[in-house]
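Take a look at the structure set out below.
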Amino acid sequence: MAARDARLRVIAQANRGVSATRNTGLSLARGEWIVLADGDDWMKPGALRTWIAYGHKHALEIVIGNGFGFDATPPEAPPSPLYQGQPWDEICDGKPWMMRTVPNDDCVVCVWLQCIRRDFVEAYGLRFAAGMVHEDIIWSLALALHAQRVRFVREPFYGYRRNSLSITNSPSPAAVAGRAAGYLRVMEALVAAALDPRTGRAFRRLLLRQANREGGNLLHIIRKRLHDPELRKRFARQFLDAGYLRIMLKGATNASELWRAVRCARVYARYAASIPRTRAD
């Protein structure tokens, strides 16, 4: 296809993970818009045309699309969309985007639903954190911190293939440990943004609430998927030494979130109790 169409470029490089690959694409891109599709997914014909036309019509920096999940092949009948409670008819900046969607656990951090102006990406030097899992959360946080004109497209154009062999579904010890390390990196980014003096009180509260949720995600991975006791201890010690228990308590806005922090306190303390603190830790 690239041989027949000069707009297409095929880049070959050693496999360094999805973040490094996306960063290569961002560095080489020359178009007006950036879309980051995953290789095993599906897009409805005309999806990019619709998203980009929508971006032009409303002078947007970011168009956020909608999608649907499928297993083997895309369904013929109209699919049930992934997102149904977005502020469809509003243009908002990045922080209200998160404030409208995070409380309902409905924030679109899927990078494959984001259609972004390339000059916006370059203006802020946005790149993916290499060598980590859950990098899409940190990327989406960076978008939200800078964006001023964001709007959603309701129609589900993008098909997300549920892949049992994906990194996030892999049962291998290395993949599970990578997910745990990724959640710690996500919490670090959320806390850094929350504690920035330029962050307003309401948005700080929102970021700490999301950190509470990510702490719960980490707990689930450590308890249910990570079976190496030494790794459990090390991740628990990293969590406690970073002060994330206090962050989870600050981010709790209801009884469920408070209980999540209490459970983390109990479980992480138990896992970490038998490993001494060292300078390396």
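Annotations for the structure displayed:
Table: residues versus (1) under 21 Å from His56 (Cβ atoms); (2) aromatic (Phe, Trp, Tyr); (3) modelled with pLDDT of 85 or more.
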site	(1), (2), (3)
Phe128	no, yes, yes
Val133	no, no, yes
Leu143	yes, no, yes
Arg151	yes, no, yes
Ile167	no, no, no
Ser172	no, no, no
Ala175	no, no, yes
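- Qualifying residues in the range 100-145 (those that are surrounded by fewer than 17 Cβ atoms within 10 Å (Cβ to Cβ) and under 16 Å from Leu190 (Cβ atoms)) - the one nearest to the chain's Cα centre (by Cα): Asp105
- Among the residues listed as Ala77, Ala3, Ala72, the single one being assigned to a loop (DSSP other than H, G, I, E, B) and outside the structural domain of Asp136 (by TED's automatic domain parsing): Ala3
- Listed by first and then second residue, the pairs with beta-carbon distance under 6 Å, at least 6 apart or on different chains, first residue in the range 17-30 and in contact (Cβ under 8 Å) with a residue 12 or more places away in the chain and in a helix (DSSP H, G or I), second crowded, with 16+ Cβ neighbours inside 10 Å and aromatic (Phe, Trp, Tyr), are Ser19/Phe128; Arg22/Phe128; Asn23/Phe128.
- Of Arg162, Arg154, all but one fail to be touching an Asp or Glu at 6+ places or on another chain (Cβ under 6 Å) and more than 16 Å from Ser19 (Cβ to Cβ); the exception is Arg162.
- Between Phe128, Phe68, Phe157, the distinction of being in contact with a helix residue (DSSP H, G or I) (Cβ under 7 Å, 6 or more places away or on another chain) and over 23 Å from Asp196 (Cα atoms) belongs to Phe157 only.
- The set of residues in the range 194-207 that are in a helix (DSSP H, G or I) and surrounded by fewer than 22 Cβ atoms within 10 Å (Cβ to Cβ) comprises Ala194, Leu195, Arg201, Ala202, Phe203, Arg204, Arg205.
The values are calculated or read from the model by the stated rules, or taken from the named source; none is laboratory data. Since the model is a prediction, treat every value here as computed from it, not as a measurement. Every residue, glycine among them, receives a Cβ derived from its backbone with ideal geometry; neighbour counts consider all protein chains shown.
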